[in-house]
Every structure is written in C-alpha cells, then in structure tokens.
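Please treat every number below as a calculation from the coordinates, not as lab data. All of these numbers come straight from a predicted model, not from anything done at the bench. Every residue, glycine among them, receives a Cβ derived from its backbone with ideal geometry; neighbour counts consider all protein chains shown.
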Amino acid sequence: MYSELAFVPKILLCGDEAEFFSRVGERPFKLVGHVEIVGENFHLAQDGKIFFNDELQDFTAFRKYLASGAVDYLIFNDLFHYSIIRNYSLKQGFISTKIITLELFKTLPVEFFYDFFAEKKIIPQFKRLSIRTLLDVDAYFARGQLLTTDDFTEIDCITDKPLLPITENIYAHVYKNFAEVGFKRYDAALLIERRPLDFEATFALLENVTDIVITFARAGSELARYLAAGSKTFENVGFMRLESGTWFVLRRRKAHENFCVYVVTHKPTPHENKLPEGYKIIHAGRALNDDLGYLGDDTGDNISELNPYLNEITALYWFWKNADDDVVGLSHYRRFFTESNDLTFAYDKILTRDAALKILERYDMIVSDISFEMLTQRELVQNDCGYDLENFGEQILRKHILKNQPDYLDAFDNVLNSVTFYKCNMFVTRRNIFDAYCKWLFSFFIDVTEEILRTINFDNLPSKQRRIMGFFSERLLTVWLNKNRLRIKELGLMFMNDV
C-alpha cells in the first residue's frame with residue numbers, strides 16, 4: 001500500500017554503540033546522538049543533568065528535546081541505565097513511550113512509529129466519532145501490542161501476512177489485498193504514517209471505500225506538518241495530541257456530484273419540466289424510430305438497433321459509454337422510485353437527488369423492493385416467451401457466462417431457480433459500482449444476443465418473445481448482486497397509469 005518506508009526512526013543511544021549494532025539486527029534506523037547517565041544509586045548527574053552528545057544537559061530541556069520530534073526513541077542497551085532515567089522521569093511527572101530498551105525496540109513494527117498508549121487511546125474515539133465499521137488498511141492493530149479491542153466497532157484489515165490466532169479475533173474479515181475488499185464501504189479507514197505524496201495517493205484510492213481517514217503522525221514529522229497545513233482534498237475534523245504525536249481525523253472534501261437518473265422511454269411522455277432535479281429522459285431505440293425530441297441512445301458508442309430485443313438495456317449501454325455522471329440511475333417512463341409508503345403516483349413523491357445521495361452515504365445501491373412470485377424466474381421467462389425459447393436462450397446465456405464470467409454460474413442458477421429478484425433493471429448507484437456492473441454484463445450479453453439473432457428468425461415471433469434477452473437481462477442485475485458485497489437499499493416503485 002505504500003511505495004517506500006516513510007519511517008526511519010531517529011535513535012538516541014545510551015550504551016555501547018558496537019554492542020547496539022551487534023544486537024539490533026537488520027532494521028532501518030538513524031543514530032542521531034548519545035546519552036550517558038552518570039551518578040550512582042539511581043541518581044542522574046548533579047542537579048538533574050545528563051550527558052547528551054558529551055555536553056551536560058538540563059533534564060527539563062532534554063525532555064523538551066524528546067518531545068520535539070527530533071528523536072523517535074531513546075534506547076538503552078541495558079536495564080540498569082534504563083531504570084535510572086525511567087525512575088527519575090516518573091519522579092518528574094514525565095512518562096514517555098519514547099524511552100525504551102533495545103529488546104523492546106527489536107519487537108516494534110519496522111514500518112511505523114509505535115506508541116502503545118496512542119494505540120490504546122484511539123479505540124474509545126471510534127465510539128465518540130460514531131465509527132461502526134473500520135478498515136485497518138495496514139494491519140496496524142495486528143502489528144501492535146493489543147490483543148483485543150472493544151466490540152462496538154467492526155474492524156476489517158488488509159494484510160498478506162499470517163496473523164496470530166488471537167490477533168485475528170480483532171478483525172471481522174482479513175483481506176489479502178485491496179482488491180478483495182471489493183465494493184464494501186466503511187465509516188472510516190486507519191492508515192499508518194506515509195510520506196505526504198503517498199498519503200494523498202492512498203487517500204484518493206480510498207475514495208470509494210470511505211470519506212473519513214484516521215492516521216497517527218509523529219511530532220515534528222513531515223506528515224504532521226503536511227496535515228497541519230491543510231489540503232484541498234480533505235479537511236481536518238478532529239485531532240488528539242499525545243506526547244509522541246497526533247491522531248488526525250480527516251474527512252474528504254466533497255465536490256459537487258453530477259447526478260442523473262435516466263428515465264427510459266420509447267414514446268412521448270408527459271414528464272417535461274415536471275421531474276425532479278437530475279432526471280433526464282432518454283429515448284431507447286431511437287435509431288429505429290422517429291425522433292421524439294429527447295436525448296437518444298443512438299449517438300456515440302451505442303447498440304440502439306438492438307432495442308427491440310433488449311428493452312432498456314440499450315439506454316443503459318449508452319449512458320455507460322457516453323456519460324460521466326458521478327451518481328447514476330435508471331428509471332422507466334412510468335415507474336419511479338419513492339420513499340413514500342403510498343405508491344400512488346405523484347411527481348412530488350419521486351426520489352430526489354438529495355434523498356438519493358443521503359441513502360448512498362450508508363448504502364451502495366438503491367434497487368426496487370424485491371419481487372416475490374409463486375413461480376421461479378425460469379418459469380416466469382417461460383410464461384412470457386415459451387418453454388422452448390427460454391430453454392434455448394438460457395443455454396446460450398449459460399455458455400457465454402461460463403466462457404467469460406465462470407465465477408457467476410452458480411449465482412445465475414440460484415437466481416433462475418429463485419422466486420425473488422430485483423425487477424425492471426432499475427437502480428441508483430455511484431459510478432464505480434455502475435461501471436463494474438456494466439463491464440461484467442457487457443462482457444457477454446451482446447455476444448449472447450447476436451448469437452441468438454443469428455440462430456433464430458425473430459421476424460416470425462410475437463413482440464414479447466422477441467424480447468427474451470430483455471427478460472433475461474432483468475434477472476442478471478440480481479445475479480451480479482448475488483456475487484458482490486453491496487449494501488442494498490430497497491425502495492418502492494410508483495406506477496404511472498395511462499401513459
């Protein structure tokens with residue numbers, strides 16, 4: 001997740017340098033100075049002073065130096081000298097997690113500065129910040145010293161390294177890489193320290209995962225200065241200062257999101273100037289029909305001529321290939337999403353842009369209330385198109401799914417054998433999810449349609465049977481949802497009569 005180590009610890013050493021090098025092992029560090037403890041019976045030098053780089057230093061000034069960020073760890077080769085300065089520090093009311101032994105230093109994570117108290121203090125903040133789900137991007141907790149966390153937050157992590165069984169219990173899910181996270185969205189993500197450019201890049205990578213990022217930056221570090229200065233990408237909405245550094249809570253600055261729900265039609269509608277902001281009528285199949293004066297699906301990269309067989313899918317293909325809306329949806333000219341329990345049609349009850357964006361803060365996709373029938377999806381298609389045609393179309397579809405998307409074959413069978421599905425190809429979602437669905441669907445769907453058209457003479461079939469692939473497409477959204485971790489919000493559909 002990061003290109004190079006952002007953390008090379010700056011070490012003050014108390015003890016023999018040759019002994020330190022022989023015992024420390026292979027790990028990065030920068031030796032910036034030496035400390036010598038003088039005196040006996042657990043006293044520092046006279047008047048509370050120590051030798052630092054061969055000069056007698058006042059302990060109060062030395063304490064400020066430790067907290068300044070000029071050094072990350074004061075390391076002692078032996079417990080005797082460690083105990084002297086540790087006990088003196090306690091008497092002065094000064095507790096620093098930077099003062100450690102060589103043996104402890106050898107156990108600390110290599111990639112980031114570790115402070116047990118910083119780790120322990122951040123966990124209660126999740127509750128205060130209403131963080132219920134957290135992605136530990138760098139397995140920070142797994143490499144720390146805690147063996148458990150409070151259970152009010154579900155924590156997932158990304159690591160390709162084995163974890164101790166007890167450490168695994170911290171996490172609900174352990175992903176080997178970022179791709180395995182898929183479309184799952186979190187209240188926040190936790191990052192270890194990075195160089196500013198790497199931090200910005202990772203923050204951008206998390207755009208579709210979360211809007212809040214939490215990170216710890218050492219006092220005086222490059223990242224601490226960068227975060228304190230602010231950014232056009234995020235705003236600092238909280239922080240917690242500790243002796244060793246600061247926990248930053250950063251929220252993504254939201255730009256205006258382009259929102260469009262495409263209202264698919266094949267005939268004139270009464271909707272002009274009546275639909276909510278962000279709704280746009282699109283004429284599906286315009287390549288084969290008179291221009292109705294609406295946006296058409298026959299420009300740019302398009303499959304408009306397949307509309308007699310695919311229904312609204314030709315419009316779906318068009319705004320996938322030719323539009324760049326951040327949030328996108330599909331509706332029908334007589335079916336609209338509503339949050340109302342009363343499904344009697346009214347323009348003021350159509351799902352608005354603001355309401356949809358609010359829902360998508362907690363959910364990944366808005367779909368219709370799940371449709372329940374006493375027949376399986378296979379039987380419903382057979383009802384519309386006949387047994388033989390459905391069976392033939394299913395076999396062609398199965399062949400192409402097996403070739404192009406074999407992991408989805410079980411989901412395909414489950415949906416066809418199910419009495420439930422999300423109907424009408426209607427949805428509202430964010431662009432990354434929409435792109436993923438369309439990339440999957442059109443990896444095989446056009447090829448299936450063209451093979452069926454080459455094999456069967458549709459000219460002799462009724463209009464409903466010609467649309468067999470349109471009926472199958474209505475089930476394919478549910479097939480795709482079966483295989484992907486999406487948070488689904490079901491809404492009712494209002495039906496407009498006499499249109």
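Put simply, the amide H of SER331, placed in the peptide plane, has neighbours under 5 Å in TYR262, VAL263, VAL264, leaving out anything fewer than 5 places away on its chain.
Karplus-derived 3J(HN,Hα) values for region 383-390, using 6.51 cos²θ - 1.76 cosθ + 1.60 with θ = phi - 60°, are 4, 7, 10, x, 5, 4, 5, 4 Hz; glycine and proline are entered as x. Highest-first packing order for the peptide set 156-166, 471-481, 409-419 is 471-481, 409-419, 156-166, based on the mean count of other beta carbon atoms within 10 Å.
Most tightly packed first, judged by the mean number of other beta-carbon atoms within 10 Å of their residues, the peptides 186-195, 86-95 read 186-195, 86-95. Distance between the pseudo-spin-label points of LEU402 and GLU207 (7 Å out from Cα toward the beta carbon): 4.0 nm. Amide hydrogen proximity for ASP138: with H placed 1.01 Å from N in the peptide plane, the residues at 5 or more positions away or on another chain lying under 5 Å are ILE158, ILE192. For each pair in LYS30/LYS91; LYS161/LYS358; LYS274/LYS358; LYS161/LYS184; LYS64/LYS161, compute the distance between the two Cα atoms and list the pairs where it is over 32 Å. Check vs 32 Å cut-off fails for LYS161/LYS358; LYS64/LYS161.
Only helices enter this figure: runs of n ≥ 4 DSSP H residues, each worth -39500 (n - 2.57), summed and divided by the residues of the chain, yield -10000 deg cm²/dmol at 222 nm to the nearest 500.
Here the Karplus relation 6.51 cos²θ - 1.76 cosθ + 1.60, evaluated at θ = phi - 60°, turns the backbone of region 57-63 into coupling constants of 10, 6, 5, 4, 5, 5, 4 Hz, with x for every Gly and Pro. DSSP assigns beta bridges within the chain; of those with both partners inside it, close to 45 percent run antiparallel. Given an 8 Å cut-off on Cα distances and at least 6 residues of separation, report the relative contact order of the chain as a percent. Relative contact order for the chain comes out at 11 percent. Can you list the aspartates and glutamates whose alpha carbon sits under 16 Å from that of LYS176, skipping same-chain ones fewer than 8 residues off? Those aspartates and glutamates meeting the cut-off are ASP136, ASP138, ASP156, ASP160, GLU168. Taking a ≥ b ≥ c as the square roots of the Cα gyration tensor eigenvalues, with a/c under 1.5 meaning rounded and otherwise prolate when a/b beats b/c, else oblate, which class fits region 87-240? Judged from the Cα gyration tensor, region 87-240 comes out oblate (a/c at least 1.5, b/c at or above a/b).
In the frame of its principal axes, the chain has Cα extents of 105, 45, 39 Å, reported largest first. Residues whose amide H comes within less than 5 Å of that of THR101, counting only those at least five positions distant or on another chain, are PHE76 (H built at 1.01 Å from N in the peptide plane). Here the peptides 321-327, 251-257 are ranked by packing, the mean other Cβ count within 10 Å, and the order with the highest first is 321-327, 251-257. For region 116-252, the relative contact order comes to 19 percent (Cα pairs under 8 Å, sequence separation of at least 6). As a proxy for reagent exposure, ranking LYS423, LYS439 by other Cβ atoms within 10 Å from fewest up yields LYS439, LYS423. Listed values for region 168-179 are Karplus-derived 3J(HN,Hα) couplings in whole Hz (6.51 cos²θ - 1.76 cosθ + 1.60, θ = phi - 60°), namely 4, 5, 5, 10, 7, 9, 10, 9, 6, 8, 5, 4, and x replaces Gly and Pro.
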